[in-house]
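Visitor: Below is the structure I would like to discuss, written out as structure tokens.
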Amino acid sequence: MRALLKASLPVMLSALLAACSGSAERQLLGSLSGSTDTNVQMGRAALAGGAPAIALQVGAGMLKDRPQDPEALALQADALSALGRGAEAVPVYRQLLALDPNSINAHIGLGRVLLATDAEAAEGEFLAVLAKAPNTPIAANNLGIARDLQGRHVEAQAAYRSALGMAPSMQAASVNLALSLSVSGRAAEAIPLLRPLAEAPTADAKTRQDLAVALAMAGDRAGAARLLGRDMPPAEVEVALRHFVALAKH
């Protein structure tokens, strides 16, 4: 049972951490290209609007005429990643890096995809970005995720704090820092980071769940249950609580 719990921990942790970034990152990464190409702009707008399938079609159309176009490759790779087709996105990101080894977009995109299968390799991609562009909070935040998934929580927390030093209002880094603290036995320190976010009028169910994770790990199972009960039925609350407690005992 203990071995099974250890095996499942990275999967459970990845679900919590990775969900704190995504579409907002793709918008920021897209802006790095600064392209004036109408097709690229249309594809990026589709990605930002939650329509990655359209972005993929746009990228594929561009690549028919310009198979080595870096911006078209980046659009296609980001669209595949957004569609959950990471295995297909990896070779496209690698092709882009072969053409442009300094592409921050490609390093971060590839790293994000690799988080699901190879956190150590993903860490290398984010470190490569920070070596080229030290003031890149997206890379620092994702570096923290890669380290958390490897069980290196103290180093992960340093990366999240670095991201917040660059971008103090970066909610993803704040949440990831709090979750990392919780997993490493410091849930009491995580609660003050999460409570203002979860109690804000604009807070969504995911943000409330993040606080519930910290409460459960700090031993406040009743408080976590009350919070989860706002968004899910009792049976699902119990399942969620078991997962959170399992994380605390890993």
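The values are calculated or read from the model by the stated rules, or taken from the named source; none is laboratory data. Keep in mind that this is a model prediction, so the values were computed, not measured. So basically every Cβ, Gly included, is an ideal-geometry build from the backbone, and we count neighbours across all protein chains shown.
Visitor: Of all residues in the range 217-250, which are within 17 Å of SER182 (Cβ to Cβ), outside any helix (DSSP H, G or I) and free of Cβ contacts under 8 Å to residues at least 40 places away in the same chain?
Guide: The answer is ALA218, GLY219, ASP220.
Visitor: Can you name the residue in the range 195-216 that is of a type in the set (D, E, K, R) and part of a helix (DSSP H, G or I) and is also farthest from GLU238 (Cα to Cα) among such residues?
Guide: Residue satisfying both the conditions and the ranking: ARG195.
Visitor: With a cut-off of at least 1 residues that are at pLDDT 90 or above and either touching a helix residue (DSSP H, G or I) at 6+ places or on another chain (Cβ under 7 Å) or not hydroxyl-bearing (Ser, Thr, Tyr) (or both), name the helices (runs of 4 or more DSSP H) lying wholly within the range 18-130.
Guide: By residue number, 38-48, 52-65, 70-82, 86-99, 104-114.
Visitor: I've got another one for you. With respect to THR136, determine if the residue is buried (at least 21 other Cβ atoms within 10 Å of the Cβ), more than 20 Å from GLN76 (Cα to Cα) and not hydrophobic (A, V, I, L, M, F, W, C).
Guide: When the stated conditions are applied, THR136 passes them.
Visitor: Would you tally the residues in the range 121-151 being among the charged types (D, E, K, R) and touching a Leu at 6+ places or on another chain (Cβ under 9 Å)?
Guide: Selection size over the range 121-151: 3.
Visitor: Now a separate question. Taking the condition under 20 Å from LEU16 (Cα atoms) and aliphatic (A, V, I, L, M), does ALA128 pass?
Guide: No; evaluated as a whole, the condition is false for this residue.
Visitor: Kindly provide the set of residues from the range 153-187 that are within 17 Å of the chain's Cα centre (by Cα) and polar (S, T, N, Q), ordered by number.
Guide: GLN157, SER162, SER169, GLN171, SER174, ASN176, SER180
Visitor: Here are the criteria: (1) aliphatic (A, V, I, L, M); (2) crowded, with 19+ Cβ neighbours inside 10 Å; (3) touching a Ser or Thr at 6+ places or on another chain (Cβ under 8 Å). Tell me which single one ILE191 does not satisfy.
Guide: Unmet for ILE191, out of (1) aliphatic (A, V, I, L, M); (2) crowded, with 19+ Cβ neighbours inside 10 Å; (3) touching a Ser or Thr at 6+ places or on another chain (Cβ under 8 Å): (3).
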